[in-house]
1. For the condition outside the structural domain of C:R286 (by TED's automatic domain parsing), within 30 Å of B:E70 (Cα to Cα) and free of Cβ contacts under 8 Å to residues at least 24 places away in the same chain, what is the one hit in C:Q37, C:Q48?
2. Filter region C:1-28 for residues that are assigned to a loop (DSSP other than H, G, I, E, B) and of a type outside the set (S, T, N, Q); which is farthest from the other protein chains (Cβ to nearest Cβ)?
3. Considering only region C:75-88, state which residues are away from chain A (no Cβ under 14 Å), in a loop (DSSP other than H, G, I, E, B) and in contact (Cβ under 8 Å) with a residue 24 or more places away in the chain.
4. Does any residue in region C:240-265 that is within 7 Å of chain B (Cβ to nearest Cβ) and more than 20 Å from C:G219 (Cα to Cα) come within less than 9 Å, Cβ to Cβ, of a residue that is of a type outside the set (F, W, Y) and buried (at least 17 other Cβ atoms within 10 Å of the Cβ) six or more places away or on a different chain, and which pairs are these?
5. So A:V302 ticks every box in (1) over 19 Å from A:A178 (Cα atoms); (2) more than 18 Å from the chain's Cα centre (by Cα); (3) buried (at least 24 other Cβ atoms within 10 Å of the Cβ) but one. Which box is left unticked?
6. Being more than 13 Å from chain C (Cβ to nearest Cβ), assigned to a strand (DSSP E or B) and aliphatic (A, V, I, L, M) is true for just one of A:A244, A:A285, A:A304, A:A292. Which residue is that?
7. Could you check how many residues of region A:76-99 are in a strand (DSSP E or B) and of a type in the set (S, T, Y)?
8. Out of everything in region A:171-219 that is out of contact with any helix residue (DSSP H, G or I) (no Cβ under 8 Å at 6 or more places or on another chain) and within 18 Å of A:K289 (Cα to Cα), what residue ends up being nearest to the other protein chains (Cβ to nearest Cβ)?
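The values are calculated or read from the model by the stated rules, or taken from the named source; none is laboratory data. All values reported here derive from a predicted model rather than from experimental measurement. We place every Cβ from the backbone using ideal geometry, glycine too, and count neighbours over all the protein chains shown.
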Amino acid sequence: MIGSVDFENWSCPVPLRDTPQVVMGHGGGGAMSGELVEHLFLPAYGSAAAPGDLGDCAVVPAGGARIAFSTDSYVVKPMFFPGGSIGDLAVNGTVNDLAMAGATPLYLSVAFILQEGTALADVGRVAHAMGAAARAAGVRLVTGDTKVVDNGSGDGVYLNTAGVGLVADGVDIGPPRATPGDAVLISGDIGVHGVAVLSCREGLEFGTTVSSDTAPLHRLVAAMLATGADVHVLRDPTRGGVAASLNEIARTARVGVELTERDLPIPAAVADACSLLGLDPLQVANEGKLLAFVPADRADAVLAAMRDHPHGAGARRIGTCVAEHPGMVVARTALGGTRVVSMPIGEQLPRIC
Amino acid sequence: MCLAVPGRIVSVADVDGTLMADIDFGGVRKNVCLEYVPDAAAGEYVIVHVGFAIQRLDEVSARQTLADFERLGILEEEFGDGWTQAARQVGADR
Amino acid sequence: MKYLDEFGDPDLARKLVEQIHAVTTRPWAMMEVCGGQTHSIIRHGIDQLLPEGVEMIHGPGCPVCVTPLETVDKALAIAAQPGVIFCSFGDMLRVPGSGQDLFGVKSAGGDVRVVYSPLDALTVARENPDRQVVFFGIGFETTAPANAMAVHQARRLGVRNFSVLVSHVLVPPAIAAIMESPSCRVQAFLAAGHVCSVMGTAEYPQLAEKYGVPIVVTGFEPLDILEGIRQTIVQLETGRHDLRNAYPRAVRPEGNLPAMAMLREVFEVTDRTWRGIGTIPDSGWRLARRYREYDAEHRFDVGGIRTAEPAVCRSGEVLQGLVKPHECPAFGKQCTPRNPLGATMVSSEGACAAYYAYRRLDLVPAS
């Protein structure tokens, strides 16, 4: 059936035949998700796939313009959490994937997969949230679809949004452009969204003041580009957190990244929740945040522009792109030691040890 | 093993015959079983592991330890002998 | 967080490091027993700051790593049974048994759930009276009181559809077994701070005396670990072998009396096979006879399990401190956190995982 997949000559040390079934880790945004794409999907698509790695957003030529095209599915549980809902994520997430390519987001499609038995009032709340988020972002919801599945507990809304936008001439933003010497910037506090969602996940409930930071970032990006700086890379560190995003960029561009732990903006409430559960804040999901690689001599100007914008108020430099240890992200600890910031494996789980 | 973190008791209540506490971990709040430190009261700090308070945190001792760390090196300068000082600190001269 | 952040202060850490260098005149090898301490040492780069010749040997203090293979296989067998809700701490979900792990069981349709506390599993049982709820009760002495309470409450509240698969391991017999090993290089121990929060320090002076090794009860934050190391080296340099408490804010000599009373009530000592090490007599706890009805091993038929450890995995030698993770031929090749061959690579604090996560930079040849 999947005849073009060569099980014998993979470079990955972990043949897929070890897990003949899909496991939760495949959706975690970490190494396992990447392997699924690299070793199962891409070989299967063959020449039908555009060159590249099926990244977050494709920029493709069409009718003389450059169109940015992205899709994302949202399966977050619980559906409603402090600061937002699956509806906000579905709109902002795809808007942001387009924005990370430097595109102006224009139109979204919305596909609902509803579990039989879900309360219509809940579906309505999600839809309202989507409408509000779309208006706030200045995008239109132009086409959609609805399906119902008869799956067990009946408390699920799964959403897919796809989006298109336009990329202006001369804008070329993407991981391959990461260059040794670049300053690595973050637009604000990290770990916020992940902690907000975890705090109401069944089995873990804990009280926190942390609210999801979901937000559309295309106007922040526009402000950054308006400085005239040649922004090399933009990435919103969603599933897998800052660790996953930086590892992916490092691997794609064959560069190294060095972070300074002391410079990471981790709010106390996030640090405390991570301490309690044994999580690494660098691996916790973010929503309304972006990472940027910019030429070092433009870093200050870009930071100033970010801080002037409501979604970049907490922007800071957290590290540097380097030529050493390509593909690896390293952090200098507060004590002066170094540690490798690993690619998260699958799902982040709370630990007891 | 044993990821256990310190937290401050906000309130104590009996739930189904079990002593439970609402604990503040610097902003994160969690409900924790207090059966193993039953005389701990609101305002006190405990160490929490997998949803259970396993020991009181002795604040006086904590402050003392930090003060000892602060004084490290200073005493060496005063007494000029890191050896004796270190040995004294581990009670080796007792 | 109060009483946490202060113990990571970089300036105080520097002072402690300077003191360690000032008192060290010879090479020493010490073992930190607890996996949480291993994690902290490597994550903060503490071992990089120590004097040349001071070696931290990573001990078998990760309950995830040492849970017997047969017990993991029993867990997998129980979790796969229809009608069972299998609850576990997150750490155990990726531990490989002879064939697969709990994630694999989940993907095949098993109802496997992560819980933060054993009492959450009991709540699941009360909310699902028509299902059998089983809790995977692993851990060292630190976790045992929590697991014991779940069983005790189940009896008190008359919850019949709840049982626990118990596999506790104890630190003092492990220390003895390590010192009895002919290839042992350990000259001192950093004892596990939170184990002693529960059990007190009474079991350790006779070990220090018998084997002539300093034992320093040590915490987990950077300053705690550095202080534990400092006190240990001072003892080694002055030829002493005493029990000392470097974590007094959380450890009292008498331990936690109500917790220890519950442990005596609910558990009894048993021989335990430590994965990768072997059977250590009287090194574990199982449910006491009077609680047999809550013992998942009795409630479920899990006989006839044939265990098979992958031959190339050297977790056992790593756990005993005989081999460093990167000296194992499979490290980073067949065995990675993504596809662990052995439990030391699975647990976030297993020595191999800690090395893989934090140390690969040093081990990568300069390009």
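1. Of the residues listed, the single one that is outside the structural domain of C:R286 (by TED's automatic domain parsing), within 30 Å of B:E70 (Cα to Cα) and free of Cβ contacts under 8 Å to residues at least 24 places away in the same chain is C:Q48.
2. C:P27
3. C:Q81, C:G83
4. C:R240/B:A87; C:R240/B:V90; C:R240/B:A92; C:R240/C:P214; C:R240/C:V234; C:P258/B:E35; C:P258/B:V37; C:P258/C:P145
5. That leaves (1) as the condition not met.
6. Result of the check over A:A244, A:A285, A:A304, A:A292: A:A292.
7. Residues in region A:76-99 being in a strand (DSSP E or B) and of a type in the set (S, T, Y): 1 in total.
8. Residue satisfying both the conditions and the ranking: A:A196.
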